[in-house]
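The values are calculated or read from the model by the stated rules, or taken from the named source; none is laboratory data. On a predicted model such as this, the values are computed, not experimentally measured, just so you know. A quick note on method: Cβ atoms are made from the backbone with ideal geometry, for glycine too, and the neighbour counts reach across all protein chains shown. We work out accessible area using only protein heavy atoms, side chains counted, and drop any ligands, DNA or RNA first. Shrake-Rupley method; radii C 1.70, N 1.55, O 1.52, S 1.80 Å.
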Amino acid sequence: MLAYVLTEPGPAEALKLSEIPIPQISGSDVLIEVKAISINPVDVKTRNGKARYNALKDKKPLVLGWDVSGLVVQTGPDATFSVGDEVFGMVNFPETGSAYAEYVAAPSEHLSLKPANISHTEAAAACLAALTAWQAFTEHGNLQAGQAVLIHAGAGGVGHFAIQLAKSLGAYVIATSSAENREFVLSLGADEHIDYHALKFEDTVKNMDLVFDAVGGETAFRSFPVLKKDGLLISIPSGTTPGLAEAAEKAGVRNKAMMVHTSAADMAETAKRLEDGRLKVTLGAVFGFKDLHSAHRQVESGHTRGKTVVVTGE
(Lines give C-alpha, C1' and ligand atoms only; values in the text may rest on other atoms or scores of the structure.)
Protein backbone atom coordinates (compact mmCIF):
# COMPACT_ATOMS: atom_id res chain seq x y z
CA MET A 1 0.00 0.00 0.00
CA LEU A 2 1.01 3.64 -0.30
CA ALA A 3 1.75 5.63 2.85
CA TYR A 4 3.57 8.80 3.83
CA VAL A 5 6.67 7.88 5.83
CA LEU A 6 8.64 10.30 8.01
CA THR A 7 12.33 9.38 8.22
CA GLU A 8 13.50 12.63 9.80
CA PRO A 9 11.78 15.83 10.95
CA GLY A 10 11.46 18.71 8.55
CA PRO A 11 9.11 20.60 6.23
CA ALA A 12 6.06 19.05 4.62
CA GLU A 13 8.24 17.40 1.98
CA ALA A 14 9.87 15.33 4.74
CA LEU A 15 6.79 13.12 4.44
CA LYS A 16 7.76 10.69 1.67
CA LEU A 17 5.12 8.79 -0.27
CA SER A 18 6.33 5.18 -0.06
CA GLU A 19 5.15 1.63 -0.60
CA ILE A 20 4.96 -0.35 2.65
CA PRO A 21 3.18 -3.58 3.70
CA ILE A 22 -0.51 -3.51 4.57
CA PRO A 23 -0.68 -3.79 8.40
CA GLN A 24 -1.59 -7.09 10.04
CA ILE A 25 -4.47 -7.21 12.49
CA SER A 26 -5.26 -9.30 15.57
CA GLY A 27 -7.52 -9.26 18.61
CA SER A 28 -10.14 -6.52 18.38
CA ASP A 29 -8.44 -4.81 15.44
CA VAL A 30 -10.08 -4.04 12.15
CA LEU A 31 -8.39 -3.18 8.87
CA ILE A 32 -9.80 0.00 7.37
CA GLU A 33 -9.67 0.97 3.72
CA VAL A 34 -9.11 4.67 4.24
CA LYS A 35 -11.47 7.13 2.60
CA ALA A 36 -10.42 10.32 4.41
CA ILE A 37 -7.99 11.52 7.07
CA SER A 38 -7.79 14.85 8.84
CA ILE A 39 -4.69 16.89 9.59
CA ASN A 40 -4.27 18.38 13.06
CA PRO A 41 -1.74 20.86 14.46
CA VAL A 42 -0.15 18.02 16.45
CA ASP A 43 0.58 16.28 13.13
CA VAL A 44 2.48 19.32 11.89
CA LYS A 45 4.37 19.79 15.16
CA THR A 46 5.35 16.11 15.21
CA ARG A 47 6.54 16.32 11.61
CA ASN A 48 8.71 19.27 12.67
CA GLY A 49 10.36 17.23 15.43
CA LYS A 50 8.20 18.52 18.28
CA ALA A 51 5.08 17.26 20.05
CA ARG A 52 5.01 13.45 19.70
CA TYR A 53 8.16 13.07 17.57
CA ASN A 54 10.63 11.96 20.26
CA ALA A 55 8.17 9.39 21.60
CA LEU A 56 7.50 7.94 18.14
CA LYS A 57 10.75 8.39 16.20
CA ASP A 58 11.95 4.82 16.76
CA LYS A 59 8.88 3.41 15.02
CA LYS A 60 9.93 2.06 11.62
CA PRO A 61 8.34 2.99 9.34
CA LEU A 62 6.96 6.08 11.08
CA VAL A 63 3.61 6.97 9.55
CA LEU A 64 1.89 9.97 11.11
CA GLY A 65 -1.81 10.74 11.44
CA TRP A 66 -4.55 9.73 13.86
CA ASP A 67 -7.92 10.74 12.40
CA VAL A 68 -9.45 8.35 9.91
CA SER A 69 -12.74 7.43 8.29
CA GLY A 70 -13.22 4.48 6.00
CA LEU A 71 -14.53 1.01 5.25
CA VAL A 72 -13.83 -2.12 7.30
CA VAL A 73 -12.33 -4.74 4.97
CA GLN A 74 -10.99 -7.25 7.51
CA THR A 75 -11.67 -8.03 11.18
CA GLY A 76 -9.76 -9.62 14.03
CA PRO A 77 -11.36 -12.45 16.03
CA ASP A 78 -12.51 -10.11 18.81
CA ALA A 79 -13.56 -7.16 16.66
CA THR A 80 -16.93 -5.55 17.31
CA PHE A 81 -17.38 -4.39 13.71
CA SER A 82 -18.09 -6.34 10.54
CA VAL A 83 -16.63 -6.25 7.05
CA GLY A 84 -18.46 -3.53 5.16
CA ASP A 85 -19.05 -1.25 8.15
CA GLU A 86 -18.22 2.42 7.67
CA VAL A 87 -16.27 3.62 10.70
CA PHE A 88 -14.37 6.66 11.93
CA GLY A 89 -12.20 7.53 14.89
CA MET A 90 -9.01 8.82 16.46
CA VAL A 91 -6.65 5.86 16.28
CA ASN A 92 -4.03 5.07 18.95
CA PHE A 93 -3.44 8.66 20.03
CA PRO A 94 -0.96 9.67 21.42
CA GLU A 95 0.94 6.61 20.17
CA THR A 96 1.33 5.71 16.48
CA GLY A 97 -1.91 5.96 14.52
CA SER A 98 -0.37 5.51 11.06
CA ALA A 99 -3.33 7.16 9.36
CA TYR A 100 -1.46 8.61 6.38
CA ALA A 101 -1.94 5.42 4.42
CA GLU A 102 -4.32 3.58 2.13
CA TYR A 103 -5.08 1.06 4.90
CA VAL A 104 -5.06 1.49 8.68
CA ALA A 105 -5.26 -1.10 11.46
CA ALA A 106 -7.27 0.14 14.43
CA PRO A 107 -8.69 -1.35 17.65
CA SER A 108 -12.47 -1.57 17.58
CA GLU A 109 -12.66 0.43 20.80
CA HIS A 110 -11.10 3.44 19.05
CA LEU A 111 -13.87 3.64 16.46
CA SER A 112 -17.54 4.39 15.97
CA LEU A 113 -19.90 3.68 13.13
CA LYS A 114 -19.96 6.61 10.74
CA PRO A 115 -23.38 8.30 10.76
CA ALA A 116 -25.08 7.73 7.42
CA ASN A 117 -25.96 11.41 7.03
CA ILE A 118 -22.33 12.62 6.85
CA SER A 119 -19.52 11.93 4.41
CA HIS A 120 -16.23 10.23 5.21
CA THR A 121 -14.63 13.65 4.74
CA GLU A 122 -16.79 15.16 7.47
CA ALA A 123 -16.36 12.13 9.73
CA ALA A 124 -12.56 12.24 9.55
CA ALA A 125 -12.71 15.91 10.56
CA ALA A 126 -14.74 15.14 13.69
CA CYS A 127 -12.25 12.96 15.55
CA LEU A 128 -9.34 14.42 17.53
CA ALA A 129 -10.62 18.00 17.39
CA ALA A 130 -14.18 17.17 18.45
CA LEU A 131 -13.01 14.79 21.17
CA THR A 132 -10.66 17.44 22.51
CA ALA A 133 -13.45 19.98 22.89
CA TRP A 134 -15.87 17.45 24.38
CA GLN A 135 -13.36 16.14 26.93
CA ALA A 136 -12.30 19.68 27.86
CA PHE A 137 -15.83 20.58 28.87
CA THR A 138 -17.09 17.30 30.32
CA GLU A 139 -14.07 15.53 31.77
CA HIS A 140 -11.82 18.45 32.71
CA GLY A 141 -14.04 21.51 33.00
CA ASN A 142 -17.33 20.07 34.30
CA LEU A 143 -19.06 22.82 32.34
CA GLN A 144 -22.58 23.45 33.60
CA ALA A 145 -25.61 25.13 32.08
CA GLY A 146 -25.58 28.84 32.83
CA GLN A 147 -21.82 29.13 33.15
CA ALA A 148 -19.79 31.49 30.96
CA VAL A 149 -16.90 30.30 28.81
CA LEU A 150 -14.36 32.15 26.68
CA ILE A 151 -13.09 30.12 23.71
CA HIS A 152 -9.92 31.26 21.99
CA ALA A 153 -9.44 30.61 18.25
CA GLY A 154 -13.14 29.95 17.84
CA ALA A 155 -12.95 29.56 14.05
CA GLY A 156 -10.31 26.83 14.13
CA GLY A 157 -10.61 23.06 14.09
CA VAL A 158 -11.01 22.56 17.82
CA GLY A 159 -12.59 25.95 18.39
CA HIS A 160 -15.50 25.56 15.98
CA PHE A 161 -16.46 22.29 17.68
CA ALA A 162 -15.94 23.83 21.12
CA ILE A 163 -18.44 26.64 20.47
CA GLN A 164 -21.13 24.19 19.38
CA LEU A 165 -20.52 21.79 22.26
CA ALA A 166 -20.39 24.49 24.93
CA LYS A 167 -23.68 25.92 23.67
CA SER A 168 -25.28 22.48 23.66
CA LEU A 169 -24.26 22.11 27.31
CA GLY A 170 -26.08 25.34 28.12
CA ALA A 171 -23.13 27.73 28.50
CA TYR A 172 -22.89 31.39 27.58
CA VAL A 173 -20.14 31.49 24.95
CA ILE A 174 -17.75 34.27 24.01
CA ALA A 175 -15.28 33.42 21.24
CA THR A 176 -12.25 35.14 19.77
CA SER A 177 -11.26 35.12 16.11
CA SER A 178 -10.29 37.53 13.37
CA ALA A 179 -12.91 39.98 12.11
CA GLU A 180 -13.36 38.03 8.86
CA ASN A 181 -14.55 35.01 10.88
CA ARG A 182 -17.00 36.96 13.04
CA GLU A 183 -20.17 35.85 11.24
CA PHE A 184 -18.92 32.27 11.08
CA VAL A 185 -18.26 32.18 14.83
CA LEU A 186 -21.67 33.67 15.61
CA SER A 187 -23.35 31.19 13.24
CA LEU A 188 -21.91 28.36 15.33
CA GLY A 189 -23.83 29.67 18.33
CA ALA A 190 -21.41 32.04 20.06
CA ASP A 191 -23.23 34.71 22.05
CA GLU A 192 -20.44 37.26 21.61
CA HIS A 193 -17.43 37.66 19.32
CA ILE A 194 -14.14 39.43 19.98
CA ASP A 195 -11.82 40.44 17.15
CA TYR A 196 -8.46 39.66 18.71
CA HIS A 197 -6.72 42.05 16.28
CA ALA A 198 -8.84 45.02 17.32
CA LEU A 199 -9.41 44.40 21.02
CA LYS A 200 -7.56 42.98 23.98
CA PHE A 201 -9.97 40.33 25.23
CA GLU A 202 -8.77 40.85 28.83
CA ASP A 203 -10.01 44.44 28.66
CA THR A 204 -13.43 43.32 27.44
CA VAL A 205 -14.27 40.07 29.21
CA LYS A 206 -14.70 39.48 32.95
CA ASN A 207 -16.06 36.86 35.37
CA MET A 208 -15.68 33.82 33.15
CA ASP A 209 -16.16 30.41 34.73
CA LEU A 210 -13.89 28.78 32.17
CA VAL A 211 -11.44 29.75 29.45
CA PHE A 212 -10.62 27.20 26.75
CA ASP A 213 -7.30 28.01 25.10
CA ALA A 214 -6.00 26.35 21.95
CA VAL A 215 -3.44 29.10 21.31
CA GLY A 216 -1.05 29.04 24.27
CA GLY A 217 1.88 31.34 24.97
CA GLU A 218 0.98 34.82 26.17
CA THR A 219 -2.70 34.19 25.41
CA ALA A 220 -2.80 31.77 28.35
CA PHE A 221 -1.25 34.28 30.76
CA ARG A 222 -3.54 37.05 29.52
CA SER A 223 -6.54 34.80 30.17
CA PHE A 224 -6.19 34.69 33.96
CA PRO A 225 -7.66 38.19 34.60
CA VAL A 226 -10.88 37.32 32.75
CA LEU A 227 -11.64 34.42 35.10
CA LYS A 228 -13.70 34.74 38.25
CA LYS A 229 -12.07 33.66 41.50
CA ASP A 230 -11.26 29.95 41.30
CA GLY A 231 -12.22 29.92 37.61
CA LEU A 232 -10.47 27.46 35.30
CA LEU A 233 -8.16 27.82 32.31
CA ILE A 234 -7.94 24.68 30.18
CA SER A 235 -5.14 24.72 27.63
CA ILE A 236 -4.38 22.14 24.95
CA PRO A 237 -1.06 23.16 23.38
CA SER A 238 1.47 20.37 23.76
CA GLY A 239 3.99 20.83 26.53
CA THR A 240 3.72 22.84 29.72
CA THR A 241 4.12 26.60 29.47
CA PRO A 242 6.84 27.68 31.92
CA GLY A 243 5.50 29.80 34.75
CA LEU A 244 1.83 29.23 33.94
CA ALA A 245 1.02 27.27 37.10
CA GLU A 246 2.65 29.91 39.30
CA ALA A 247 0.81 32.72 37.50
CA ALA A 248 -2.51 30.91 37.97
CA GLU A 249 -1.91 30.46 41.68
CA LYS A 250 -1.00 34.13 42.06
CA ALA A 251 -4.19 35.14 40.24
CA GLY A 252 -6.32 32.89 42.44
CA VAL A 253 -7.52 30.74 39.55
CA ARG A 254 -6.96 27.19 38.36
CA ASN A 255 -4.97 26.01 35.36
CA LYS A 256 -5.15 22.62 33.69
CA ALA A 257 -3.27 21.34 30.64
CA MET A 258 -5.03 18.48 28.88
CA MET A 259 -4.28 15.90 26.24
CA VAL A 260 -7.10 14.24 24.37
CA HIS A 261 -7.41 10.48 24.79
CA THR A 262 -9.24 7.68 23.05
CA SER A 263 -12.66 6.95 24.49
CA ALA A 264 -15.31 4.71 22.96
CA ALA A 265 -18.00 6.52 24.95
CA ASP A 266 -16.86 9.93 23.77
CA MET A 267 -16.62 8.75 20.16
CA ALA A 268 -20.18 7.46 20.46
CA GLU A 269 -21.29 10.82 21.83
CA THR A 270 -19.65 12.58 18.91
CA ALA A 271 -21.31 10.21 16.43
CA LYS A 272 -24.72 10.74 18.04
CA ARG A 273 -24.40 14.52 17.85
CA LEU A 274 -23.25 14.38 14.23
CA GLU A 275 -26.19 12.15 13.39
CA ASP A 276 -28.87 14.32 14.98
CA GLY A 277 -27.38 17.58 13.73
CA ARG A 278 -26.34 19.08 17.06
CA LEU A 279 -22.73 19.01 15.84
CA LYS A 280 -21.75 20.17 12.38
CA VAL A 281 -18.41 20.02 10.61
CA THR A 282 -16.91 22.92 8.69
CA LEU A 283 -14.42 21.82 6.06
CA GLY A 284 -12.01 24.68 5.53
CA ALA A 285 -9.81 22.89 3.01
CA VAL A 286 -9.94 19.48 1.31
CA PHE A 287 -6.99 17.94 -0.54
CA GLY A 288 -6.33 14.74 -2.44
CA PHE A 289 -4.01 12.04 -1.04
CA LYS A 290 -1.22 12.93 -3.47
CA ASP A 291 -1.44 16.54 -2.25
CA LEU A 292 -1.00 15.83 1.46
CA HIS A 293 1.98 18.19 1.61
CA SER A 294 -0.32 21.09 0.75
CA ALA A 295 -2.69 20.03 3.51
CA HIS A 296 0.19 20.19 6.00
CA ARG A 297 1.17 23.63 4.80
CA GLN A 298 -2.43 24.79 5.14
CA VAL A 299 -2.63 23.69 8.77
CA GLU A 300 0.81 25.13 9.44
CA SER A 301 -0.39 28.54 8.24
CA GLY A 302 -2.63 28.80 11.30
CA HIS A 303 -5.43 30.33 9.22
CA THR A 304 -7.77 27.43 8.54
CA ARG A 305 -11.47 27.92 9.16
CA GLY A 306 -12.74 24.62 10.52
CA LYS A 307 -10.84 21.49 9.53
CA THR A 308 -8.34 20.45 6.88
CA VAL A 309 -9.00 16.99 5.43
CA VAL A 310 -7.22 14.72 2.94
CA VAL A 311 -9.45 12.47 0.83
CA THR A 312 -8.31 9.14 -0.57
CA GLY A 313 -11.73 8.35 -1.98
CA GLU A 314 -15.40 8.41 -1.04
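Numbers below:
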item	result
Euclidean distance between Cα centres, the range 194-259 to the range 133-187, Å	14 Å
Paired Rg and Dmax values of the chain, which use every Cα atom, in angstrom	19.2, 58
Value of relative contact order over the chain, rounded to a whole percent, pairs C-alpha under 8 Å and six or more apart	19 percent
Three semi-axes of the equivalent ellipsoid, the range 165-302, Cα gyration tensor, whole Å, largest first	27, 19, 18
Beta bridge orientation in the range 73-213: antiparallel %, DSSP, nearest 5	15 percent
Largest-first principal axis extents, alpha carbons of the range 1-99, Å	39, 24, 22
Estimated 222 nm signal from helices in the chain, with DSSP H stretches of n ≥ 4 weighted -39500 (n - 2.57), rounded to 500	-7000 deg cm²/dmol
Charge dipole magnitude, Cβ of K and R +1, D and E -1 - the chain, Cα centre, debye nearest 20	560 debye
DSSP-assigned coil residues among trypsin sites (Lys or Arg not before Pro) in the range 39-123, each with at most 13 further Cβ atoms within 10 Å	K59
Under-5 Å amide H pairs with M208, H placed in peptide plane, nonlocal only	L227, K228
Fraction of alpha-carbon pairs over 21 Å apart in the range 84-222 - percent	48 percent
Fraction of accessible area attributable to carbon and sulfur, the chain (%, probe 1.4 Å)	49 percent
Accessible area expressed per residue, the chain, with surrounding protein chains retained (probe 1.4 Å, Å²)	41 Å²
